[in-house]
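All remarks here apply to the structure that follows.
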Amino acid sequence: MALEIVWFKRDLRLEDNIAVYEASLNKSHFLGLFIIEPTRLKQQDFDPIHLEWEYKCAQKLRRDILKLGGNMIITYGEVEDIFNQVISEQKISKIHSHQETGTKWSYDRDLHFAKWCKEKNISWKEYPTNAVVRGLKNRDDWYKIRTKRLMEELVQKPKKLTYTNTRLQLKCIKFEDLNIKPRNLTEKLEPGEEQAIKILNDFLYKRGRNYRFEMSSPLTANQSCSRLSPYISTGCISIRKIINVTSKRINELKAEEKTDNKKKWINSLNSFKSRLAWHCHFIQKLELQTDLNTKAMNHQLDLRLEKKLDEKRFEAWSTGNTGWPFFDACMRQLLSTGWINFRMRAMMMSVASYTLWLPWKDTGNFLARQFLDYEPGIHWSQVAMQSGTTGINTVRAYSILKQSTDHDPDGVYIRKWVPELSNIPTQYIHEPWKMSKNMQQQIKCKIGIDYPKPLVSEKKARLEGVSKSYKARGNSEVRKVSKEINKKHGSRKKQRRNSKLDKKQTRFRNVTK
């Protein structure tokens, strides 16, 4: 009997997994493969915390597959080498997998693997991932396809799988045998599909009431955000599943008596659903342009910005030692836990790009390595937007002071993550360099010694960065490329008149919300 193989990539679940479902229908041995690829480990956006998390989720999935009677192997090697070993020992009936939207190395790998399958006369069936649509040239039909796909019924997980002893000698590899040392994150997450569903239900029934109002502040986001992103990035739960369960919860709430509590819940969960809609929207950009991590969306604009890496600024920015307390607190939380809320991620990239004038590739790759929930499509689309290298998005230059006073007015968050400032009076917590030297001595926090002075004048540098960006955007070649980018990547849900597009491109937005 031949092998029916599911090549698991970033779809580590049984429910709503069409690849698993299709493979289970055939009367063949069910074998799942999770392959740790040496080439991937060499990429600039890779960090050991990514692999450790994926490995743990894959282990949970393997346990679930074994319980159903199938088999799954977690192995190390290049994809074609692994499959060459498999076919040398066992016949393959069919290979199933989801389409993966990753950076160019994974795109090229899949092209080579498709050629290998054709040469070996092996059928490889790829299935769509969430609402990312392969083969589109622009966004004209994407929203309609996306909506239809996410409203379809969930694919049920199989009740039984079949795998009996075969001649296959391929064995599971232990994580410690890889000689990879991930940093020790202070926030420990339970991996796997079952835990993802528990966290979703906890959000929908306990934590999510104030999501709409508390997701922006790092003080409240840890509890009020869904915290599903690490599970979504590894595919432990599908976007369709999340939307399905959230819609049911909203309908339950609508059936209840009218109260302020009910209104808050419904508003927050609708807000949550609207943000889920953006998930595949951003990944679709990478699907349309696989080199977003190495080439600016608007390369003409990027050339004219003429940014060069300032090692001193980059070191301060990347370690949370800029001298701006709120920013440093955000960076230190990320380094420690592997997570921070979306608004603060945007601020980090904005500060790097406008205030410190750092190149987007260096800062983008650094942040990618810090995020436990790193999703290439979302990350590199956001890097492009927040660094101002698309030419079609509004300039978003975040004022650190504004974000600090809005989201941490009493300095509680700052004091937690920047303990050097724990004794600073609240009136100076956002700008400690304004304290007198006598006060600095009294509270034993000398600015420039115990805590760094600001790298630059934040407001002046930010406005200079915005001004230089405007100047570059005004170039005729840049504007020409921007129009092409809008045709390819621009949202089609609400059509805009061309006359309004240019106005929107040149409107400065100093983010205050």
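Some points to look at:
- Residue among 269, 276, 288 that is under 15 Å from residue 203 (Cα atoms) and either without any contact (Cβ under 8 Å) to a residue 24 or more places away in the chain or under 18 Å from the mean Cα position of the chain (by Cα) (or both): 276
- Residue that is most open to solvent (accessible area, probe 1.4 Å), among those in segment 341-378 that are without any contact (Cβ under 8 Å) to a residue 60 or more places away in the chain and more than 23 Å from residue 413 (Cβ to Cβ): 362
- Options 198, 174, 206; residue that is within 16 Å of residue 49 (Cα to Cα) and either in contact with a strand residue (DSSP E or B) (Cβ under 8 Å, 6 or more places away or on another chain) or open to solvent by 90 Å² or more (accessible area, probe 1.4 Å) (or both): 174
- A single member of 104, 94, 67 is modelled with pLDDT of 95 or more, open to solvent by 10 Å² or more (accessible area, probe 1.4 Å) and closer than 26 Å to residue 176 by Cα, and it is 67.
- Looking across segment 280-309, the residues that are within 28 Å of residue 149 (Cα to Cα), open to solvent by 20 Å² or more (accessible area, probe 1.4 Å), touching a Ser or Thr at 6+ places or on another chain (Cβ under 9 Å) and not in a helix (DSSP H, G or I) come down to 290, 291, 293.
- Among (1) modelled with pLDDT of 90 or more; (2) open to solvent by less than 70 Å² (accessible area, probe 1.4 Å); (3) small (Gly, Ala, Ser) - the single one residue 476 does not satisfy: (2)
- Filtering 246, 220 for residues that are without any contact (Cβ under 8 Å) to a residue 24 or more places away in the chain, assigned to a helix (DSSP H, G or I) and polar (S, T, N, Q) leaves a single hit, 220.
- All positions within segment 80-91 that are crowded, with 19+ Cβ neighbours inside 10 Å and either free of Cβ contacts under 8 Å to residues at least 40 places away in the same chain or touching a helix residue (DSSP H, G or I) at 6+ places or on another chain (Cβ under 8 Å) (or both): 83
- The single residue among 392, 443 that is open to solvent by 10 Å² or more (accessible area, probe 1.4 Å) and under 30 Å from residue 106 (Cβ atoms) turns out to be 392.
- Just one of the listed residues (75, 129, 147, 166) is of a type in the set (S, T, N, Q), in a helix (DSSP H, G or I) and either in contact with a strand residue (DSSP E or B) (Cβ under 9 Å, 6 or more places away or on another chain) or open to solvent by 10 Å² or more (accessible area, probe 1.4 Å) (or both), and it is 147.
The values are calculated or read from the model by the stated rules, or taken from the named source; none is laboratory data. Everything numeric in this text was worked out from a predicted model, so none of it was measured. Positions of Cβ are backbone-derived with ideal geometry, glycine not excepted, and every protein chain shown enters the neighbour counts. When the accessible area is computed, the model is the full protein with side chains, heavy atoms only, and any ligands, DNA or RNA have been set aside. Shrake-Rupley method; radii C 1.70, N 1.55, O 1.52, S 1.80 Å.
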